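In what follows, a single structure is set out as structure tokens and then discussed.
The values are calculated or read from the model by the stated rules, or taken from the named source; none is laboratory data. Please read these numbers as outputs of a predicted model, since none were measured by experiment. No Cβ is skipped: glycine too gets one built from the backbone with ideal geometry, and neighbour counts run over all protein chains shown. In case anyone asks, the SASA skips ligands and DNA or RNA and just uses the protein heavy atoms, side chains included. Shrake-Rupley method; radii C 1.70, N 1.55, O 1.52, S 1.80 Å.
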Amino acid sequence: MTDIAAELSEACGKAFEAIGLDPALGQVRRSDRPDLADFQCNGAMAAGKQARRNPREIAGELIGHLDNHPSIAEISIAGPGFLNIKVTPELLAKRAEGIRTSDMAGAQPIVETETIVIDFGGPNVAKPMHVGHLRSAVIGDTLKRLCRFLGHEVIGDAHLGDWGLQMGQLIVALSEDQPELPYFDAAIDGPFPDESPVTIDDLARLYPLASGQSKSDEAYRERCQKATAELQAGRAGYRALLKHFIEVSVEALKVDYDRLNVSFDLWKGESDADPLIAGMVDELKERGIAEESDGAWIIPVARETDKGKTEMPPFILLNSRGGVGYHATDLATILDRVKTLAPTLMLYVVDQRQALHFQQVFRASEKAGYFAEDRLEHIGFGTVNGDDGKPFKTRDGGTVRLSDLNRMALEEAEKRISEANLSSDLSEEEVRDIGLKIALAATRFSDLQNTRTTDYKFDLVRFTSFEGKTGPYLLYAAVRIKALLRRAKAEDNAAGEILIESETERALALQMDGFNTALDQAFSKRMPHFLCEHIYNLAQAFSAFYASHPIAAEKDPARRASRLAICEAVLNQLETGLDILGIETPERM
Ligand code: ARG
């Protein structure tokens, strides 16, 4: 069974068919009025319009075919012709049991699987990450987990920014810092030392220097541009340095991403597209897809249908200096992925502010026939703001590094732990582990619960709170269930047949039943907040159940066993859902 709505849709479809109407009208969904019914079917309304008949009359005929259905406890006509359906407690119990024992906690794998490349993270070598990179990492990693959970083939690629001016800036800054290194002698073309001449701290020190001086000193900027061009043209010493810069950066980035439970299958970068670029440029010129314009080579991507908007600027294949930029590396990367990964879909999880860039790239890809535009999606997101409503910055106006964010989140989580007096009977190691898990839950959930495209305010005190719609609240719910299951085990109480007796239990079972729909929406809209919403509502429904249904203290053994089984079902779905969100639950808290 996919879920109850699907089962009822099938039954209603058959009823429509039985009275000579289109079975597709039988779509059933959760009721808008949960106080009156569990599910509703609105098909009679549309059927009435089509057949020019009174919808209530049609609804009445449908009931004649449905009221004996074993899963339906009550069915009635509401308003102008809606069908209100209440399902039997036996059906809810069966469904809850399925959720308890299923590997997918009641969800269904997707039938038509795709091979999906998810381009996310997008950190730049040497440049500190800003909060936009945090969002890309967290949203991208969650989509990766979600797609994989549903059964798709997924390849997550960090697409490192390693081909721009910042590389030339680092080279120039390092040449002043350590001029004696062999990499700067144009006459030497190798071999160069295996060991990196710089650490991540060196890069963190050199980059701001170089980028600052580039802004104020034109001659310096030109040197950086020249170094960048020489690097791109293949100067051996510079290429060797690039390799070191990348290695050192990736190692440092991995530490920060680890904290966020973010991982990649590929750590390719813009520079990996380089070997494809010359051939691509030649081919696009030859086929007449690229045109010369003021010394540059472009692909016009404006369309008739853009009318009314400002005309879309062309895609830049080569700039007037013959240089390769962000457009060209992205197009060549599409080619590379098509050749090496054979994807059917590519998702780019990048700041909304790059929307135009991706539109240009996708149109150029379509024009070149590399990969269809409708299989390329920019998954944009809003900004993370500070108290002032502007993009979140450090107190002195600087970029917030991911490592700083991680540190701040951990500090805040540790404060909550000591406020709640959680640490008293736990070892230091366990407190540290719980702190990391609270910080992780706080950071990821507070980002993911927002509609992806909206902005949100960065507020660690709120994010780490154990109450409200937060990650730590969800951990708390999971930990509470784990504790009561541990106790039941110690007391030799096992789970047994599920009985759905109270309204609260009905509500909880119905909530669990909605898991598949939530995942489906999250996937089809590429919006993780649908899953967050589901998990939060699940925790709330569990809380209501827990508050009014004694478990260990319950005298009736059948009831106690049923409640334990319900707890196991909730925990299975809660942990499965949190795992898709990349959140780990501690054993105790
Ligand atoms: N490095 C870029 C940035 O920091 C993001 C890269 C996104 N991915 C891409 N294929 N363009 O803005």
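Some notes on this structure:
- Where GluC sites (Glu not before Pro) fall in DSSP loop in region 120-194, at most 16 other Cβ within 10 Å: E180
- 3J(HN,Hα) along region 217-234, derived from phi through the Karplus expression 6.51 cos²θ - 1.76 cosθ + 1.60 where θ = phi - 60°, amounts to 10, 5, 4, 5, 4, 5, 4, 5, 5, 5, 4, 4, 5, 5, 4, 5, 6, x Hz, with x in place of Gly and Pro.
- Charge tally in the Cβ shell below 12 Å around D351, where Lys, Arg are +1 and Asp, Glu are -1, D351 excluded: +2
- Surface composition of the chain: carbon and sulfur atoms hold 49% of the protein heavy-atom accessible area at a 1.4 Å probe.
- When all alpha carbon pairs of region 366-495 are counted in 10 Å bins from zero, the resulting P(r) reads 11, 31, 26, 17, 10, 5, 1 %.
- Per principal axis, descending, Cα span of region 276-339 in whole Å: 36, 28, 22
- Relative contact order, percent, region 435-589 [alpha-carbon distance under 8 Å, six or more residues apart]: 36
- Helix 471-490 vs. the chain, principal-axis angle (Cα, 0 to 90°, nearest 10): 50
- For region 286-387, convex hull of alpha carbons as volume per residue, Å³: 149
- In degrees, nearest ten, helix 165-177 long axis to first principal axis of the chain (Cα): 50
- Lys/Arg +1, Asp/Glu -1 at C-beta; the chain dipole; positive extreme among I58, Q178, L538: I58
- Across region 424-476, Cα-Cα distances exceeding 12 Å account for 64% of all pairs.
- Between region 10-30 and region 262-332, the Cα center-to-center distance that results, in Å: 51
- The radius of gyration of the Cα set in region 382-426, together with its Dmax, comes out at 14.3, 42 angstrom.
- Under the convention that each Lys and Arg Cβ holds +1 and each Asp and Glu Cβ holds -1, the size of the dipole of the chain around its Cα centre is about 1420 debye.
- Stokes-Einstein translational diffusion, region 475-589 - Kirkwood Rh over all Cα pairs, 1.306 mPa s, 10 °C, in µm²/s: 109
- For region 208-344: relative contact order, % (alpha-carbon pairs under 8 angstrom, 6 or more apart): 17
- Relative contact order (%) - region 312-470, alpha-carbon pairs under 8 angstrom, separation at least six: 21
- Once you reduce region 411-435 and region 459-491 to the center of their Cα atoms, the two points are 14 Å from each other.
- Cα gyration tensor category, rounded, prolate or oblate, for region 454-507 with a/c compared to 1.5: oblate
- In region 92-206, the inverse of the mean reciprocal separation of distinct Cα atoms equals 18.4 Å; this is its Kirkwood hydrodynamic radius.
- Square roots of five times the Cα gyration tensor eigenvalues for region 168-263, Å: 24, 18, 12
- Over region 305-347: Kirkwood hydrodynamic radius from C-alpha pairwise inverse distances, Å: 12.7
- In this structure the chain gives 45 Å² per residue of accessible area when probed at 1.4 Å with all protein chains present.
- Per-selection Kirkwood Rh - region 58-115 (Cα, Å, 1 d.p.): 13.9
- Span from the region 155-214 Cα centroid across to the region 524-583 one, whole angstrom: 51
- Projection of the Cα convex hull of the chain, averaged over all directions and equal to a quarter of that hull's surface, yields 34.0 nm².
- Crossing angle, helix 503-513 versus the chain [Cα axis fit, 0-90 degrees, rounded to tens]: 40
- Under 15 Å, Cβ to Cβ, from R560 - net charge with Lys/Arg +1 and Asp/Glu -1: -3
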